[in-house]
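Structure record follows, encoded as C-alpha cells.
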Protein chains: 2
Amino acid sequence: MIRLFIPHDLAAGAELALDHGQSHYLASVMRLAAGDQLLLFNGRDGEWRASVSALGKRAVAVRAEAQTRAQAPGPDLDLIVALVKRARLETIVEKAAELGAARVRLALTERTNADHTRLERLTAIATEAAEQTGRLDVPAIAAPVKLEKLIDGWEPGRRLLFCDEAGDAAPILEALTAAPAGPWAILIGPEGGFSAKERERLRGLDYATPASLGPRILRADTAAIAALSLWQAALGDWRQS
Amino acid sequence: MIRLFIPHDLAAGAELALDHGQSHYLASVMRLAAGDQLLLFNGRDGEWRASVSALGKRAVAVRAEAQTRAQAPGPDLDLIVALVKRARLETIVEKAAELGAARVRLALTERTNADHTRLERLTAIATEAAEQTGRLDVPAIAAPVKLEKLIDGWEPGRRLLFCDEAGDAAPILEALTAAPAGPWAILIGPEGGFSAKERERLRGLDYATPASLGPRILRADTAAIAALSLWQAALGDWRQS
C-alpha cells in the first residue's frame, strides 16, 4: 500500500489537503480513485490508514481513518558522513533511511572537496526512502559542519563509531559487542580517508570506538551501509526478531 | 597506485602487452609515461609491481618487476541474487566485489521478471571494483539459473544464509554467531520477496540458516550489502584486524 509522509497532524476523521506534488503522485502517477486507501505518517502521531476523499489532478484530499501503528522512537543513531560526491552521498542518505538512522549529519574534513550540497534534494530522498521502508519518521539531514566543530560541540553521552582504515583498529564486530548501547554516531570519512591529524584527534576521544571494516578498501557508500548494518545488528533494533 | 587485472601469467621480468582498453586507459586517461609504476594481478600469481615499458596510444606494454603480495584465497562465499533491475544488480555486483564474495550467481525466482542480463557488463563492473578494492582475484559472475535448479544441484557442505523477510527468522547476528565457518552462500530474493512455496522449500533445507534483517523493508541492494557485511564480520575475513 502507498505510504506518504505528510506535515499535518493525524487524528481520526481529519481531512487533509495534500500538496501539489503528492496530489499529482496519487492522482496521475498512481491513478488512485476516490475511496482508495493509503497509509500516512508524520513522525509524531504513528501511522494511519486513510482514504482518498476528494480527487483533482493537482489537489487531492485524504481522510485519516484509524491508527495502524503507534509512534515509537527508533534507535538514537546519527550517521555523520563526509561530503562525498553527489551520487554516492544520495545513496548514503537513501540507505541511512532504510537502515534506521535517526539523523544524517554532513561533515567537512581536511580531504573533503565539495563544501555545499542541496539539502532539500537529500531530504526528498530520505523522505521517499522512509515511505518505502516502513519507518514512522524521516531522518533529519543536517547542513555541513567542519569535523572539528562537530567534535568541539559533541553531545555528552553519545558514543562515536569511527571507521578507521589505517588498520590497527579492532574488527568492527568485536568493537561493537564490547560497547554499551545508548545514543551513538557512526562517522564515515571521505574517499581519501582522514588526515593524520584528524585520526589522532579522533583516536584520542574517550567516547570514540575505532573499528576496522576488513582488509579491502571500501567506497564511502559501502562503508556507511556496512557500519549501519553492523551497528543495528549488534546494538540496534535488528536484535529482536 | 593503479591496479590492473590482467589475463597474463605474472613472473619477474615478464613483458606483457595490454589490450586496447587497458592501453587506452593507461596512456590517454591516466596519462602514464614510460617507467611509471603500477600493480598487476591475475587471480593466480599474487600482486606484482610493474612498470610501463612501451607506450603507444593503443598499445601499452608493461614489465612485471617484483611480487608485492602472494596469492591467498579469500573467504569461500557465494552471493546468490535474484535478477533485480539493472541498476540495482550492477550495484550489488560492485559491492559483492568490495565485500569479498568469491562468486555472484544470478537466480530466477517465481517473482523475478527479467530473465536475461549482460554478463560481460557485470564482469567488467566486478573487475573494476576488484581493482579498486585491492583484492587479488575477481568474483566470477554465473549466468542466471532457476532457484529450484540451484537447490537441486546444491554443493554438499555449503551452508546457505537465507534472508527471510517474513519475520519469524532469528536476528542475523544471532543466526550467524551460532553457525559454523566454512563454505557459505547468501541468498537475496527479488524486491517482491520469495513466494510461499519458495520459502517453504528454503526453510526445509537442512543446510539453510534463515535470518532477519530487522524491522524495516530493505531494497535488494541494501539487503545484499548488509548480509555480506554481517557474514564477513561474523564468519569471514573481517574477524582479523
TODO: Using packing as a proxy for protection, rank A:102-111, A:119-128 so that the peptide with the highest average count of other Cβ atoms within 10 Å comes first.
DONE: A:102-111, A:119-128
TODO: Counting only C-alpha contacts under 8 Å and six or more residues apart, can you give the relative contact order of the stretch B:3-69 as a whole percent?
DONE: 41
Open item on the list: Please report the net charge: other residues with Cβ closer than 12 Å to the Cβ of A:S28, K and R +1, D and E -1.
Closed with: +3
TODO: Note down the nm distance, to one decimal, between modelled labels 7 Å out along Cα→Cβ at A:A17 and at B:A124.
DONE: 5.2
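How much of the DSSP beta bridge set in the protein assembly as shown is antiparallel, as a percent to the nearest 5?
On the way: 32 of 86 bridges.
The antiparallel fraction comes to roughly 35 percent.
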Task: Principal axis box of the protein assembly as shown, alpha-carbon based, largest edge first, Å - done: 80, 58, 46
Open item on the list: Within 10 Å of each Cβ in A:219-229, how many Cβ atoms from other chains are there, averaged over the peptide?
Closed with: 6
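Count the net charge of all other residues whose Cβ sits under 10 Å from the Cβ of B:A64, scoring Lys and Arg as +1 and Asp and Glu as -1.
-2
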Task: Nitroxide proxy distance, nm - points 7 Å out along Cα→Cβ at A:K197 and A:D152 - done: 1.3
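Mind pulling the per residue volume of the convex hull built on the Cα atoms of the stretch B:77-235? Å³ is fine. Could you put the intermediate results ahead of the total?
Details: hull volume 16.7 nm³, N = 159.
For the stretch B:77-235, the hull spanned by Cα atoms encloses 105 Å³ per residue.
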Task: Point-to-point label distance, A:I217-A:A72, nm (Cα→Cβ direction, 7 Å offset) - done: 4.3
TODO: Please count, across chain B, the pairs of lysine residues with Cα atoms under 27 Å apart that sit 8 or more places apart or on different chains.
DONE: 8
Open item on the list: Please report, for B:T177, the nm distances (one decimal) from its label point, 7 Å out from Cα along the beta-carbon direction, to the equivalent points in the remaining copies, shortest first.
Closed with: 0.5
- [ ] For a quick protection proxy, order the peptides A:156-164, A:1-9 by their average other-Cβ count within 10 Å, most packed first.
- [x] A:156-164, A:1-9
Task: Percent breakdown of C-alpha pair distances by 5 Å bin, ordered from the shortest bin, for the stretch B:1-141 - done: 2, 10, 19, 19, 16, 13, 10, 6, 3, 1, 0
Task: Calculated log₁₀ intensity ratio I(q)/I(0) where the Debye formula runs over C-alpha points of the stretch B:3-69, q = 0.19, 0.22, 0.24, 0.28 Å⁻¹ - done: -0.61, -0.82, -0.97, -1.28
Open item on the list: Could you work out the relative contact order of the stretch B:22-110? I mean the mean sequence separation of Cα pairs under 8 Å and 6+ apart, divided by the number of residues, in percent.
Closed with: 22
Task: Across the identical copies, how the B:P73 labels are spaced - nm, sorted shortest first, 7 Å along Cα→Cβ - done: 4.9
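Relative contact order for chain A: what percent, with Cα pairs under 8 Å and sequence separation of 6 or more? Spell out each step's value before the answer.
Values: 470 pairs, mean separation 43.7, N = 241.
The value is 18 percent.
For a protection proxy built on the mean count of beta-carbon atoms within 10 angstrom, sort A:72-81, B:68-77 highest first, please. Don't skip to the answer; put the middle values down first.
Values: A:72-81: 19.2, B:68-77: 14.2.
Per-residue mean Cβ counts within 10 Å order the peptides as A:72-81, B:68-77.
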TODO: Starting from a label point 7 Å past Cα on the Cβ side, list the distances from A:R118 to the same position in the other copies, nm, shortest first.
DONE: 2.7
Open item on the list: Let me confirm one metric for peptide A:205-217, namely the mean number of other chain beta-carbon atoms within 10 Å of its residues' beta-carbons.
Closed with: 4
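Values quoted throughout were computed directly from the atomic coordinates according to the rules given, and no laboratory measurement underlies them. As the structure is a computational prediction, the values presented were derived from the model and not from experiment. With ideal geometry, Cβ positions are generated from the backbone for all residues, glycine too; neighbour counts draw on all protein chains shown.
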